[in-house]
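To keep things clear, I will list the structure first and then write my remarks on it.
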Ligand SMILES: Nc1ncnc2c1ncn2[C@@H]1O[C@H](COP(=O)(O)OP(=O)(O)OP(=O)(O)O)[C@@H](O)[C@H]1O
Ligand SMILES: [Mg+2]
C-alpha cells in the first residue's frame, strides 16, 4: 500500500533511547493530529518494544535498533522496531501474558500484552542469533477540526 510519509532511524541500544524513540515517534505523528489517548498508547507500545530490544535482544552486548514509522492511507500508523540481537526461540510462548525470561530483574512479562492491547495489530518475527522485528499498526480515529 502507498506510504504517505515515512521516517527511519537507527540508534544504539542505550536505555536513554527509550525516550528518544518515544519523542521521535510523537513528533513525526503530530502531522496526523492523533488524540492525546492515541498518542499515549502508541508511545507506550513503542517504549515496550524498544525496551525489549535493549534489555533482551542486546542483553550481553551493544547493538543497533532500527525504527521505522509510516503514515499510511486511512490514517493507519505503521511502526517497525528491529534489533539484531539474540532472537526469540519460541515467539508464541514469549507473547503469553506474564511470560518472562528475566524475572530476577523484576520484569513482569507484560510488554507484548501491552503492545497488543494498545495497538490494533502486532506481528513479531524472530530468529535465534539473528534478531527480532516487531511490527505494530494502529488506525487513528477520524475527527473534526
Ligand atoms: N527483542 C527481543 N529480543 C529477544 N527476546 C525478546 C525480545 N522481546 C521480547 N523478548 C522475550 O520475550 C519475553 C516477553 O517479553 P515481554 O515484553 O512481554 O515481557 P518482559 O520484557 O519479560 O517483561 P516486561 O515487558 O513486563 O518488563 C521476554 O522476557 C524475552 O524473553
Ligand atoms: Mg518487555
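The values are calculated or read from the model by the stated rules, or taken from the named source; none is laboratory data. If you're wondering where the values come from, they're calculated on a predicted model, not measured in any experiment. For neighbour counting, all protein chains shown are included, and Cβ atoms are generated from backbone atoms with ideal geometry for every residue, glycine included.
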request  = Test each condition in (1) at pLDDT 95 or above; (2) over 16 Å from residue 7 (Cβ atoms); (3) more than 16 Å from ligand 2 (Cβ to nearest atom) for residue 60 and report the one that comes out false.
outcome  = (1)
request  = Name the single residue, out of those in segment 12-29 being in contact (Cβ under 8 Å) with a residue 40 or more places away in the chain, touching a helix residue (DSSP H, G or I) at 6+ places or on another chain (Cβ under 8 Å) and buried (at least 17 other Cβ atoms within 10 Å of the Cβ), that is farthest from residue 59 (Cα to Cα).
outcome  = 29
request  = Answer with yes or no whether residue 7 is touching a residue at least 60 places away in the same chain (Cβ under 8 Å), under 15 Å from the mean Cα position of the chain (by Cα), surrounded by fewer than 18 Cβ atoms within 10 Å (Cβ to Cβ) and more than 16 Å from ligand 2 (Cβ to nearest atom).
outcome  = yes
inquiry  = Can you list residue pairs whose Cβ atoms sit under 7 Å apart, with the first residue in segment 60-89 being at positive phi and the second being at pLDDT 95 or above and assigned to a strand (DSSP E or B)? Count only pairs 6 or more apart in sequence or on different chains.
reply    = 74/139; 75/139; 87/126; 87/127; 87/131; 87/132
remark   = Taking segment 35-69 and keeping residues crowded, with 21+ Cβ neighbours inside 10 Å and more than 10 Å from ligand 1 (Cβ to nearest atom) leaves 42, 45, 46, 67, 69
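When residues of segment 59-76 are filtered for being closer than 30 Å to residue 105 by Cβ and within 15 Å of the chain's Cα centre (by Cα), how many remain?
First, pick out the residues of segment 59-76 that are closer than 30 Å to residue 105 by Cβ: 59-69.
Narrowing the set further to residues that are within 15 Å of the chain's Cα centre (by Cα) leaves 64-69.
Total satisfying the criteria: 6.
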inquiry  = Suppose we filter 113, 108 for residues that are out of contact with any strand residue (DSSP E or B) (no Cβ under 8 Å at 6 or more places or on another chain) and surrounded by 17 or more Cβ atoms within 10 Å (Cβ to Cβ); which single one remains?
reply    = 113
query = Are any residues in segment 88-101 crowded, with 18+ Cβ neighbours inside 10 Å and in contact with a strand residue (DSSP E or B) (Cβ under 6 Å, 6 or more places away or on another chain), and if so, which ones?
reply = 88
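May I ask you to verify whether residue 77 is surrounded by 13 or more Cβ atoms within 10 Å (Cβ to Cβ), within 14 Å of ligand 2 (Cβ to nearest atom) and within 15 Å of residue 46 (Cβ to Cβ)? It would help to see each step written out before you state the result.
Working: surrounded by 13 or more Cβ atoms within 10 Å (Cβ to Cβ): yes; within 14 Å of ligand 2 (Cβ to nearest atom): no; within 15 Å of residue 46 (Cβ to Cβ): yes.
It is false that residue 77 is surrounded by 13 or more Cβ atoms within 10 Å (Cβ to Cβ), within 14 Å of ligand 2 (Cβ to nearest atom) and within 15 Å of residue 46 (Cβ to Cβ).
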ask   = Restricting the first residue to segment 124-136 and requiring it to be farther than 19 Å from residue 113 by Cβ, which pairs with a second residue that is assigned to a strand (DSSP E or B) and at pLDDT 95 or above meet a Cβ separation below 8 Å and a spacing of at least six or different chains?
value = 131/82; 131/83
